[in-house]
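What follows is a set of notes on a single structure, which appears directly below.
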Amino acid sequence: MKTDVLVIGDGLAGSAAALEAARLGARVALVSAGPASSERAQGGIAAAVLPEDSPRLHALDTLAAGAGLCDPDAVAMLTSAGPETVRWLQSLGVRFDGGAAREAAHSLPRVLHLGGDQSGHTLMAFVHAAIEREPNISRYTARLHALLGDGVCVGAVFSGGLTVLAGATILATGGYAGLYERTTNSRLSNGKGILEAARAGARVADLEFVQFHPTVFAGGHPFLITEALRGAGAFVVDAAGERFIDELLPRDQVALALARHRGPAYISATHMDPELLRTSFPNFLRNCRHAGIDPLRELVPIMPAAHYTMGGVATDLDGRSSVEGLFAAGECARTGVHGANRLASNSLLEAAAFGRRAAAAAASAAPVDGSPSSHTHVWRRQDMSLVDVRRILDSAAGVLRTGAGLERALRLLRSGASSAAAADAAELASMICAAALARPVSLGAHQRLDRPAPIAV
Ligand SMILES: Cc1cc2nc3c(=O)[nH]c(=O)nc-3n(C[C@H](O)[C@H](O)[C@H](O)COP(=O)(O)OP(=O)(O)OC[C@H]3O[C@@H](n4cnc5c(N)ncnc54)[C@H](O)[C@@H]3O)c2cc1C
């Protein structure tokens, strides 16, 4: 099949890209494997929409969170696109709850919610409805196998024998936090798109920067326990019920304190007003009860888990990768807006704003020409499974890393795998560990136990 623009992934970045390319008159093939992070977002989307706020103030907060590693031009682009992106979403039919919340390290209220704590699910229902109305977009459900082209990108091959040849290809396959054993992400968020881009010769960057959410249920089915619960008075306690950290510290510092703590840790909400919990935190109550815990009477076990990944395919401000014909947007891209640490709620904004920018560049670029060849990847058969890879990554490249741990992980990850999926996971996991080893300092979300440094938030 031939098309003008191929978009891989239909989260917010891919959907925004597909809608914009179609609006500009391109025929678009939109291929995805199913819902991933956009549908899971809870908090909302950051944009300087209130009169007392401005893109400049939003940029200052973003730069501070990024610990000196943000690209200031990319940050200025992101934050100045905020209000217009909100208007664009509204033009698609998106209805925000009204008002803006002050969250995480934002110095002013600027996080817009939809459907309470169901922001992503609500947002994506509106966006996907807009895609259904667009005749220039053809949708397919399939998994990416490989990108096509020799030194350029001319399309991709997918599961089920689907081959799409395209004048331009936009990768919007999300991040790689789902590669970790403990994660708030879908297992679809395994970085496959980033891996295939790297195999096609694209430059990738900042893979060592992985953000961990501190309060994730430490049971069989991990679920995220919102920071707003701590803001409303919940405690973090040890097995004896004693508090051991300031619950209102920023996300990274709570995650670090939990990683350093010896023994189990819990969220305690037993002292809180049951009515407040019922009205403001229905998801928390529902998830706990699903796991067989009554949080009105019992402690809820927690552990940090991989949540958001800052690294990805290196792009310019229009989503161009270093391979002609290949663009990237959203969490799979490394645009430079997050630096060493993402400011909460900036990622939905990045997905929509940079998804549209990549589409405009892709739709106006001369169609790339080249042979649709693909590379064959050989891997050594050994008994390391996907589960083994996830565990190795958690222990070596988790909240706290050491040079010796990363070197040991690299030896294991490079020794072979038991399946093609495990081999893919091991290859990307070894790229993450190698990047973490190559940065012998503690910076933002990358904390080396053997190179301690003050934490920037
Ligand atoms: C629990 C949770 C809460 C969050 N809360 C917020 C929040 O409040 N505010 C905020 O700004 N950010 C939040 N984030 C982060 C934010 O949701 C993501 O960064 C953002 O949605 C990424 O959008 P995306 O379009 O780049 O990727 P995704 O939404 O992850 O979409 C990826 C797409 O790629 C497809 N795909 C993946 N692999 C393949 C493959 N091999 N073949 C074919 N298709 C593939 C998937 O099917 C999917 O369609 C949260 C994340 C999580 C996990």
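Figures for the structure shown
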item	result
All positions within the stretch 203-216 that are crowded, with 23+ Cβ neighbours inside 10 Å and either under 17 Å from GLY330 (Cβ atoms) or not β-branched (Val, Ile, Thr) (or both)	VAL204, LEU207, GLU208, PHE209, VAL210, GLN211, PHE212, HIS213, PRO214
Pick from the stretch 185-200, criterion in a loop (DSSP other than H, G, I, E, B) and open to solvent by 20 Å² or more (accessible area, probe 1.4 Å), ranking: nearest to the ligand (Cβ to nearest atom)	LEU188
Only one of LEU277, LEU248, LEU285 that is open to solvent by 30 Å² or more (accessible area, probe 1.4 Å) and not assigned by TED's automatic domain parsing to the domain that holds GLY44	LEU248
The stretch 35-83, residues that are more than 7 Å from the ligand (Cβ to nearest atom), within 30 Å of ALA156 (Cα to Cα) and small (Gly, Ala, Ser)	ALA74
All positions within the stretch 361-390 that are assigned to a helix (DSSP H, G or I) and open to solvent by 20 Å² or more (accessible area, probe 1.4 Å)	ALA363, SER364, LEU386, VAL387, ASP388, ARG390
Scan of the stretch 314-360 for residues that are surrounded by 24 or more Cβ atoms within 10 Å (Cβ to Cβ), away from the ligand (no atom under 12 Å from the Cβ) and at positive phi, ordered by number	GLY325, GLY339
Qualifying position, being at pLDDT 95 or above, outside the structural domain of GLY444 (by TED's automatic domain parsing), in contact with a Phe, Trp or Tyr (Cβ under 8 Å, 6 or more places away or on another chain) and part of a helix (DSSP H, G or I), among LEU57, LEU78	LEU78
Of all residues in the stretch 142-167 being touching a Leu at 6+ places or on another chain (Cβ under 7 Å) and part of a loop (DSSP other than H, G, I, E, B), the one that is surrounded by the most Cβ atoms within 10 Å (Cβ to Cβ)	CYS153
Candidate set: the stretch 1-38, residues that are surrounded by fewer than 19 Cβ atoms within 10 Å (Cβ to Cβ) and outside any loop (DSSP other than H, G, I, E, B); chosen: the one farthest from the chain's Cα centre (by Cα)	LYS2
Selection status of SER32, near the ligand (Cβ under 6 Å from one of its atoms) and touching a Gly at 6+ places or on another chain (Cβ under 8 Å)	yes
Among (1) out of contact with any Lys or Arg (no Cβ under 6 Å at 6 or more places or on another chain); (2) open to solvent by 40 Å² or more (accessible area, probe 1.4 Å), the one test that PHE235 misses	(1)
Qualifying residue in the stretch 114-126 (condition: aliphatic (A, V, I, L, M), within 16 Å of the ligand (Cβ to nearest atom), open to solvent by 20 Å² or more (accessible area, probe 1.4 Å) and part of a helix (DSSP H, G or I))	yes
Boolean, GLN42 is over 19 Å from GLY319 (Cα atoms), open to solvent by 40 Å² or more (accessible area, probe 1.4 Å) and modelled with pLDDT under 95	yes
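Residue-wise test of (1) among the small types (Gly, Ala, Ser); (2) in a loop (DSSP other than H, G, I, E, B); (3) more than 30 Å from PHE354 (Cβ to Cβ).
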residue: LEU277; (1), (2), (3): no, no, yes
residue: LEU285; (1), (2), (3): no, no, yes
residue: CYS288; (1), (2), (3): no, no, yes
residue: ASP294; (1), (2), (3): no, yes, yes
residue: ARG297; (1), (2), (3): no, yes, yes
residue: PRO301; (1), (2), (3): no, no, yes
residue: TYR308; (1), (2), (3): no, no, no
residue: ASP316; (1), (2), (3): no, yes, no
residue: SER322; (1), (2), (3): yes, yes, no
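The values are calculated or read from the model by the stated rules, or taken from the named source; none is laboratory data. These numbers come from a predicted model, not from an experiment. FYI the Cβ positions are ideal-geometry reconstructions off the backbone, even for glycines, and counts take in every protein chain you see. Just so you know, the surface numbers come from the protein's heavy atoms only, side chains and all, with ligands and any DNA or RNA stripped out. Shrake-Rupley method; radii C 1.70, N 1.55, O 1.52, S 1.80 Å.
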